[in-house]
Every structure is written in C-alpha cells, then in structure tokens.
1. Can you name every residue in region 144-167 that is free of Cβ contacts under 8 Å to residues at least 60 places away in the same chain, surrounded by 15 or more Cβ atoms within 10 Å (Cβ to Cβ) and out of contact with any helix residue (DSSP H, G or I) (no Cβ under 6 Å at 6 or more places or on another chain)?
2. Check 4, 39 and return the single one that is surrounded by 16 or more Cβ atoms within 10 Å (Cβ to Cβ), at pLDDT 90 or above and in contact with a helix residue (DSSP H, G or I) (Cβ under 7 Å, 6 or more places away or on another chain).
3. Exactly one condition in (1) within 26 Å of the chain's Cα centre (by Cα); (2) in a strand (DSSP E or B) is false for residue 304; which is it?
4. Can you report the number of residues in region 318-340 which are surrounded by fewer than 19 Cβ atoms within 10 Å (Cβ to Cβ), touching a helix residue (DSSP H, G or I) at 6+ places or on another chain (Cβ under 7 Å) and over 17 Å from residue 370 (Cβ atoms)?
5. Just need a number here: residues in region 259-279 that are free of Cβ contacts under 8 Å to residues at least 60 places away in the same chain, outside any loop (DSSP other than H, G, I, E, B) and surrounded by 19 or more Cβ atoms within 10 Å (Cβ to Cβ).
6. Applying the selection to region 33-72, what residues are touching a residue at least 12 places away in the same chain (Cβ under 8 Å), more than 20 Å from residue 180 (Cβ to Cβ) and touching a strand residue (DSSP E or B) at 6+ places or on another chain (Cβ under 7 Å)?
C-alpha cells in the first residue's frame, strides 16, 4: 500500500503544495521523522560549496509559502529554510543568557521553489524571488541561495539557465538516474545505508513512508487511479495515436501555436505541448485558478477546440471551475479523474484550423474575458 498514491485519489489530492510541505518536513532536522540531519545534509551538499560548512553545527527554521513585497507586488516562495547560529559568549553564563535571549545570527537563507508537473513553469520566478527577498531584507551578512526543484525536463533546465540573478542558484531534480544528487536517489541512499547500519537507525514508520515517497516520485506523483488509467491506455491502445502524432508533427504545430500566443498576448503563461495522452494532444494556458486547454485531438491533427479545466496546481480550482460553469450556465463534465473536470462555451467548442493563429488568439482572449467577468477581476 502506498499512502501517497492513495491520498492522491481523493478530493484532498496531493498537489504541489502538499509535496512542498512533505519536502520541508524532511528538511527539518527537528521534525519527528528521526532522520535528524541526514536528509538536510545530503540535500545541501552540492548547494553550499564551502568546505568548512558543517550542517549539524547550526539551527534551522522552516517556513512555508512566505511572501516578499516589492513595488506593491508579492512574490511567494514554496519553502524558505533559515540557517542560524546562536551567539556564543566566553563562559557558560553568557551562553545561557544568549540562548534565553534568543540572540541568534542568520548565517544562510535557502529559497526553494518546488515543481512537480511538467509544464508548470512560471517565467522568471527564481530571479523574482531573489530580487524581492533582497529588496525586503537588503544585503545582509548572510548568504542567500536559490534552489529550483523540478522534474527532469529540458524546459525546466532552460528556465533555470535564464534565472541566474542570484550567483548561488542550484537546479535539483526530483529524479535522475545519471546523478546521485536527485531527491529520489538521496532518499534511496538513506534507506540503503540505514538498512546496512551505516547511519543511525530511523523508525519503522519513517522507513516505510520514505519507500512510499520514493515510489511516488518514480511515478511522477501520479495517483493509483491515474496509474491504472495510463496502464489501460498503454501499448496497442495508443500505438496508432502515437504514430499519428509523429506523422502529423502535432508537437511542432502546437509549439508554433504557443509561440504565436505568447507573441500575441505577452503576459500569457502557456505550457509546452502535452502528448502524455496520445489521443488528445494539447496546450495548456494558465489563467488564475483555471486552465484553458487547446485540444488538438482531431484525427487529421489539423484543428483545435478550447475548454476550461481544473488546474491541479491550485487547491481552489475545482470550486472556481464550478462557479464559472454555474454563472455561465455551462455543463460541467466530471470524469472519474477529477483533475480532468471541464466545461466549455458554445464558441469554445467550435473547431479552429490549427494554423489560424489570430483566430486562436481571439478565442483565448474571449475565454479569458469570460473568467474576468465572472470573478470581477482583471487578469
């Protein structure tokens, strides 16, 4: 039984925020997981380059989703780890006074941005987090590190390479068999060494939890329902669709649509072409709590339709989609996988030639306008 996959099936499904919370829990040496500094030490090994930095010699405080302000705008960070040192006096009396008086000095701050879904890129996010933090706190006597935790995907690598405002920036992968430094391999190393009595024993509950989390990472954070569905559509069931996608170059066509959208609506956040469901190639546009999908599932792969869909990154997305459908008198389609709940207007259900970029841009603008009108906001 894998607790993570089972919990991901329900209404309280495990999303990016939940995974960030668990990652922060593992990073906290004072948490009740009995790992103490084992995970934190391995996680920071290739982030802090100072040879004399002894992880166990400092205190740590973990913060979730703090926001930093600049020019009236807020920039959130998934996890912030603050590394502090208790000021030491010369005698035992001074040490006690310092400890009781909470006289701690900040040594390092780690800004961690976590992504678990391919396509969930927010442009310039790492740079903004560092700039906003520095604007609020100034250049202190401590080091600030930016850490980008993502799936192993070339688009995340590209985004990382464009976010080098902070000289202390590191890209950490959830899984990558070519390096020992991925989070999956760090956890596997801990479980292995604990089993061989090479590190201190960890409690049985933590050991089983780590094994389940390793498997959850390996399956790209999919629920049991998602895994069963993907297994049902593997092999011969998707062979023809995959061949059609290849022969029609639908990925290339959708990339062109993405480029035209980003050029026509500069502020738009568009994911990369998604062919994970071979029968339904798509682009995803992120609008507040709701997704607008551009579906290219026609046999000839030469036309697209639009629809509104749940954004699995947002906890309130299902409620927002329900409100949108109710206000606009739309029929909300709810398949077994609630992450795929969707609805559409009559206009969105009309097929548009995939190379009619202006028409697609106008359709997206109209779809955004509907959301703005329902929620009384400007996106």
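The values are calculated or read from the model by the stated rules, or taken from the named source; none is laboratory data. Because the structure is predicted, anything quoted here is derived from the model rather than measured. Methodologically, a virtual Cβ is constructed for each residue, glycine included, from the backbone with ideal geometry; neighbour enumeration extends over all protein chains shown.
1. Result: 144, 152, 153, 156, 159, 160.
2. Values: 4 fails: at pLDDT 90 or above.
Just one listed residue meets the conditions, 39.
3. (1)
4. Residues that pass the stated criteria total 3.
5. Adding up the residues that qualify gives 1.
6. Residues satisfying the conditions are 58, 59, 60, 61, 62, 63, 64, 65, 66, 68.
For every residue, the table says whether it meets (1) in contact with a helix residue (DSSP H, G or I) (Cβ under 9 Å, 6 or more places away or on another chain); (2) assigned to a loop (DSSP other than H, G, I, E, B); (3) at pLDDT 90 or above.
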residue	(1), (2), (3)
191	yes, no, yes
202	yes, yes, yes
207	yes, no, yes
211	yes, no, yes
222	yes, yes, no
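Results for (1) assigned to a loop (DSSP other than H, G, I, E, B); (2) within 14 Å of the chain's Cα centre (by Cα); (3) farther than 17 Å from residue 170 by Cα, shown as yes or no for each residue.
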{"position": "109", "(1), (2), (3)": "no, no, no"}
{"position": "117", "(1), (2), (3)": "yes, yes, yes"}
{"position": "135", "(1), (2), (3)": "no, no, yes"}
{"position": "146", "(1), (2), (3)": "no, no, no"}
